[in-house]
1. In degrees from 0 to 90, rounded to the nearest 10, what is the angle of the helix 333-360 Cα long axis to the longest principal axis of the chain?
2. For volume of the Cα convex hull per residue in Å³, one of (1) 129; (2) 346; (3) 144 was computed from the structure I shared and the rest are decoys. Which label?
3. Using the Cα gyration tensor of the stretch 280-333, with a ≥ b ≥ c the square roots of its eigenvalues, what is the shape: rounded (a/c below 1.5), prolate (a/b larger than b/c) or oblate (neither)?
4. Roughly how far apart, in whole Å, are the Cα centres of the stretch 353-391 and the stretch 45-88?
5. Starting from the amide H of GLY134, placed 1.01 Å from N in the peptide plane, find each other amide H under 5 Å away whose residue is 5 or more places distant or on another chain.
6. Please state the charge dipole magnitude for the stretch 320-437, taken about the Cα centre, from unit charges on C-beta atoms (+1 on K and R, -1 on D and E), reported in debye and rounded to the nearest 20.
7. To the nearest 10 degrees, how steep is helix 70-83 against the longest Cα principal axis of the chain, on a 0 to 90 scale?
8. Rank by packing, highest mean first: peptides 355-368, 292-305, with packing defined as the count of other Cβ atoms within 10 Å averaged across residues.
Amino acid sequence: MSDSIAPASPPPLLRRHIAAATVGNALEFYDFITYAFFAIQIGHAFFPSHSAFASLMLSLAAFGAGFATRPLGAVVIGIYSDRVGRRPAMMLSFTLMGIAIVTIALIPSYATIGIAAPILAVLARMVQGFSLGGEVGPNTAYLLEAAKPLRRGLIVNWQGASQGIAGTFAGVVGMLLSETLTPSGLDAYGWRIAFLIGAVTLPFGLMIRRALPETLHRAEENAVAQSRTGSLGEILHAHGRLIVLSLLVIVGATVGTYVTNYLTTYAENTLHLDPVTAFGATVVNNGVGIFAVLLGGWLSDRYGRRWVMVLPNVLFLVLVVPVFTWMVAAHSALALLAGTAVLSLVGALGIGAFYPAFSESLPKRIRGSTFAIVYAATVSLFGGTTQLVVTWLIKATGSPLAPAWYLFAATAAGTLAMFFMRESAPVKIAMEVSHVR
């Protein structure tokens with residue numbers, strides 16, 4: 001559907017509509033990332049082995065299978081959102097996620113049904129990946145189109161914040177289950193409880209999404225990107241520089257997200273801390289991330305996107321190796337939780353400015369699909385492999401600092417790309433126009 005179709009007086013979008021889109025996104029991410037938090041237990045259930053390392057690696061490989069189908073979901077559901085609408089696209093992705101989460105929760109163990117167990121687990125993860133690949137682009141586009149121009153940064157970042165909300169809730173569930181169940185109970189059925197908690201929220205998620213008003217055909221105020229003519233190929237070519245830079249930024253952000261999410265497994269396997277402390281790192285990481293990504297969006301609305309992206313990332317590069325060194329040397333819950341909080345705070349600030357910068361720089365005609373495809377392709381390649389790579393690097397080098405150096409390299413590439421992105425914040429564009437006049 002072309003940008004040019006717009007009703008004269010679109011109805012106002014209310015806070016409850018933005019909240020509904022955010023809650024639905026959070027539920028999808030809870031379902032997807034819960035697997036990462038219970039990778040060890042899922043490995044025991046579906047991928048038994050005489051080697052604990054081999055079991056964990058097989059479980060993480062199945063986790064990575066969910067990333068293989070994310071680009072396909074981004075293409076199919078992202079294009080659907082640009083042609084038909086944001087709401088039906090988000091409904092489709094949510095329904096598919098529901099089917100997958102129930103399937104994973106109810107698959108019998110390898111001991112019960114043999115090779116069918118890991119096959120079903122991998123297939124369910126692939127459906128999850130397809131679903132989530134098609135969720136992020138339409139959801140981000142919806143929030144941008146629902147927001148007032150001077151509040152885009154804050155509103156769009158509820159998409160990122162919802163991921164933190166999901167991670168925090170998943171971490172709390174993990175802590176409670178680890179605290180109340182024995183290790184054998186957590187292995188046998190505790191992780192299934194965490195998945196079923198996500199499953200019972202599905203009717204609620206479908207209900208709130210069905211009530212959302214459509215934003216695809218709404219008039220757009222002060223849009224930075226207003227490409228209304230030319231073929232799809234010409235429009236994509238015109239925004240090729242932005243797409244390449246955004247790919248690099250998301251590489252750094254993705255590695256950062258999955259290294260910090262991996263801290264639950266890292267704390268247990270490498271630092272040999274107890275499971276409750278390990279899940280506590282997840283809660284701290286995501287809780288601080290929620291605050292920081294919203295703060296980054298809010299700051300970018302007032303002071304512009306570009307420097308709010310770059311400066312926190314430079315600070316992150318300075319801190320990442322010393323913080324990991326401290327965590328390894330101290331070998332304590334305090335060092336793990338405080339180090340996680342520092343990295344999460346600094347890392348999420350820059351991403352809070354990036355989400356609106358990328359999405360508002362894309363024309364509406366390609367916004368949902370392009371954001372989805374760029375995000376999903378990058379996350380698939382680096383999100384799906386980061387935990388495998390980090391686990392392998394630690395074993396191959398014998399150094400518990402291997403994740404820090406991997407994270408440093410990825411963040412450096414993303415920071416350089418941020419530096420070359422053009423300013424897109426409406427407040428800055430308005431200032432430039434007034435200076436010209």
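1. On a 0 to 90 degree scale, this one is about 30.
2. (1)
3. In terms of gyration-tensor shape, oblate.
4. Distance between centres, Cα-based: 15 Å.
5. Amide H neighbours of GLY134: ALA74.
6. Magnitude of the dipole: close to 300 debye.
7. 30
8. Going by the mean number of other Cβ atoms within 10 Å, highest first, we get 355-368, 292-305.
The values are calculated or read from the model by the stated rules, or taken from the named source; none is laboratory data. What you see is a predicted model, and the numbers here were worked out from it, not measured in a lab. Methodologically, a virtual Cβ is constructed for each residue, glycine included, from the backbone with ideal geometry; neighbour enumeration extends over all protein chains shown. The area values use the complete protein model at the heavy-atom level, side chains included, leaving out ligands, DNA and RNA. Shrake-Rupley method; radii C 1.70, N 1.55, O 1.52, S 1.80 Å.
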